[in-house]
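Read the structure below first, then the notes.
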Amino acid sequence: MKLNEAEVQRTLSQFEARVVPESHPVATHLSEVFGPHTFFIDSSGVNVLEPAAAPDAGARRGEIVNLAYWSDGTFTALNAHEPEPTGVLVMLEPEPH
């Protein structure tokens, strides 16, 4: 899913990664391969946030899904694979009180 700036900042406050700027050439390539998403790079590879069902009807949440692992020790090449949920949940908006 594509995130707005507030959602990107909220995600980064809960998940240790770097966002791939939409203006970066690799973002275009990633979108061609994986579809329109906001992409996050971490030590395991390329990740996106997908909607996750909330246990209540309250705040919106997402789950980090890994799309590609680093294939070398220099973090310059990736191996794409089937989307793999990581179990990491991100609150996209504050929980209602």
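Each reported figure results from applying straightforward, stated rules to the coordinates on display, with no laboratory input. Note that the coordinates shown come from a computational prediction; the quantities given were computed from them, not determined experimentally. Cβ sites come from the backbone with ideal geometry, for glycine too, and all protein chains shown count toward neighbours.
Considering only residues that are under 20 Å from Glu82 (Cα atoms) and assigned to a loop (DSSP other than H, G, I, E, B), look in region 21-38 and name the one that is nearest to the chain's Cα centre (by Cα).
Looking at residues that are under 20 Å from Glu82 (Cα atoms) and assigned to a loop (DSSP other than H, G, I, E, B), I get Thr38.
Here is a list: Val65, Val90. Which entry is touching a helix residue (DSSP H, G or I) at 6+ places or on another chain (Cβ under 6 Å) and in a strand (DSSP E or B)?
Testing whether each residue is touching a helix residue (DSSP H, G or I) at 6+ places or on another chain (Cβ under 6 Å) and in a strand (DSSP E or B) leaves just Val90.
What tally of residues in region 1-14 results from selecting those that are touching a residue at least 40 places away in the same chain (Cβ under 8 Å), more than 11 Å from Val48 (Cα to Cα) and not polar (S, T, N, Q)?
2
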